[in-house]
Amino acid sequence: MFQIVFNEISAAEMAALPKDLQLDLLAEFELLPNDFEKLDPEKFGVIERDGKRLLRYRAKDYRIYFAQGAEGVVVHRVLHKNTLRDFLFRARLPMPAEDEELAGQRGFWKLIEEAEKSRRKE
């Protein structure tokens, strides 16, 4: 069985959204095991750092950051697309490819680590 599992933080981020938006995002976030073999670059991005690999899925104005697991995917974060872009703009960082920039940002990986720690507490 292929599952989508939200950790505590990503579940809270989803719960903070209006119900109709939640349903729209989940309807758009349809994945099958064979989707990982050939990722559509229009929807997916890959972020790697220190041996960790995350995938990013674009759904409407949101970005869903997740990792592939044995039985499906674990969603680490659900963030509005402008949140990180606004941060990068304010920090006056160069903005090459979105995924490469994210991979280099310690703050982004701290968000992911917080989500992983919350999952371990369950």
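Brief remarks on what is shown
- Among the trypsin sites (Lys or Arg not before Pro) found in the range 1-45, those both in a DSSP coil and sparsely packed, with 10 or fewer other Cβ atoms within 10 Å of their Cβ, are Lys38.
- 23 Å Cα-Cα threshold exceeded, pairs from Lys19/Lys81; Lys19/Lys52; Lys52/Lys117: Lys19/Lys52
None of the figures in this text is laboratory data; all of them are computed from the coordinates on show. The model shown is predicted, which means the values in this text are computed figures rather than measured ones. Note that we place each Cβ from the backbone using ideal geometry, even for glycine, and neighbour counts take in every protein chain shown.
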